[in-house]
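For reference, the structure discussed in these notes is given below.
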Amino acid sequence: SDLAKMEKKIGGSWETGIWSFYPVGLMPNGKTKPYLPFASRDYRHSDERFSRFSMYLPGYLIRGDLAQNLGFDENAPEDADVKFLVGAILEGKDYVLTDVPLKTADPFENDYYNYRRQYNPVWYTGTLREVYLPLLKEYPDSSFVQAMAVYQISIRFACNRNDRSKNLLQGEALDKFFETVSQVLELVDDSIAVTYNMNGMKMLPKYMGLVFLRLKYRDPELMPTLCVGGSCPSAYAAVYNGALLDTHMTLKAAITCLDYNKRTKELVIDGRLTNAYVFDYDQIRCQLVMGDGQTDAVPTRVYSLDKYFGISMYKDYTFQVRVSAAELKAGSTLAVRFRYGELVMNLPL
């Protein structure tokens, strides 16, 4: 059985007091979906390593003496189980996330439609204020606690992105939630606040790191510093207070619509840039390069908004290019050339 596998895994290693199964969700259609997106294997952790963790408390085995030193906060608005687990991990100093599976029908927190707590208004402001703020103040130097706080904020935003918005927080209630998020992020290091792909889960797009910094510093116009050049003239790094938000490796172009105008005999191309959020859009210049010719792109504002809790928090850089049919040649390749000050680069399409 899986329990026997876990017993064998632990063996005599009782000095490690916390062991976690690898949670696997049972879907209504009979299929299974692992809680964690990365391949199952053993991960040993400490307070300084927070890249892999499970928040599913029923999947843990905790040594009795560790649990005896902890209280279970029955007055917590929500997430009392998470609070208990974080306390156990800090008490035990490290833990092991194993590859031994544990199947369950409980919806995990990254199930943005079926996870129960996302439909309780107190899970948002109340729980952040009464569970995670005290943890951050009690353990101000713990990177694990800081990462856990950012993870919990990310879950709440992901559960309410675009058409997933539950419409639970509006007006003054939404303002209080954003203010509480700012208070939480004030106690988190910038490098952790901007961590993308937290716990291996692509819960939020990369630009949300910048959104979190803007909330932390209460500055909606905050922008990172762009470091350009070095050994590669087309390379850049977007940095704020030493925290790396993004690099040239992620900037890409995409064609969202392709049409042929028979009246004007033009090929009409609508496109967008991915991960251009670190730039001042007014200073971006794009061209469509086809063969030996190039055509300037015109910025547009089509299909560009991304909303959280019903509030627009991001817009893509979108553009349109019109190419005369006379310029179209068989075998010609297309590329989008990106210009921003001294930075010039052809983007993957």
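Could you check how many residues of region 1-40 are assigned to a helix (DSSP H, G or I) and either touching a residue at least 24 places away in the same chain (Cβ under 8 Å) or within 28 Å of N197 (Cα to Cα) (or both)?
5
Per the conditions (1) without any contact (Cβ under 8 Å) to a residue 12 or more places away in the chain; (2) closer than 21 Å to I18 by Cα, the sole criterion not satisfied by Y151 is (1). Filtered by the rule that a residue be within 11 Å of C227 (Cα to Cα) and β-branched (V, I, T), region 239-253 gives V239, T247.
Here Y112 fits the description: modelled with pLDDT under 95 and in contact with a Cys (Cβ under 7 Å, 6 or more places away or on another chain). A235 satisfies every condition listed in (1) touching a Lys or Arg at 6+ places or on another chain (Cβ under 9 Å); (2) under 25 Å from L349 (Cβ atoms); (3) among the hydrophobic types (A, V, I, L, M, F, W, C) except (1). Residues that are within 18 Å of G64 (Cβ to Cβ) and open to solvent by 80 Å² or more (accessible area, probe 1.4 Å) were ranked within region 4-41; the one that is modelled with the highest pLDDT is E7. Just a yes or no: is a residue in region 158-173 under 28 Å from A88 (Cα atoms) and either touching a residue at least 40 places away in the same chain (Cβ under 8 Å) or out of contact with any strand residue (DSSP E or B) (no Cβ under 6 Å at 6 or more places or on another chain) (or both)? Checked region 158-173: at least one residue is under 28 Å from A88 (Cα atoms) and either touching a residue at least 40 places away in the same chain (Cβ under 8 Å) or out of contact with any strand residue (DSSP E or B) (no Cβ under 6 Å at 6 or more places or on another chain) (or both). When restricted to residues that are assigned to a strand (DSSP E or B), without any contact (Cβ under 8 Å) to a residue 40 or more places away in the chain and hydrophobic (A, V, I, L, M, F, W, C), region 267-312 contains 2. Contact map, region 100-117: first residue of a type in the set (F, W, Y), second residue assigned to a loop (DSSP other than H, G, I, E, B), Cβ cut-off under 6 Å, separation 6 or more or different chains; pairs are F108/Y35; Y112/C159; Y115/P107; Y115/E109.
The values are calculated or read from the model by the stated rules, or taken from the named source; none is laboratory data. The shown structure was predicted, so the numbers you read here are calculated from the model rather than taken from an experiment. Counting neighbours? That spans all protein chains shown, and the Cβs are built from the backbone with ideal geometry, glycine included. SASA here: full protein model, heavy atoms, side chains in, ligands and nucleic acids out. Shrake-Rupley method; radii C 1.70, N 1.55, O 1.52, S 1.80 Å.
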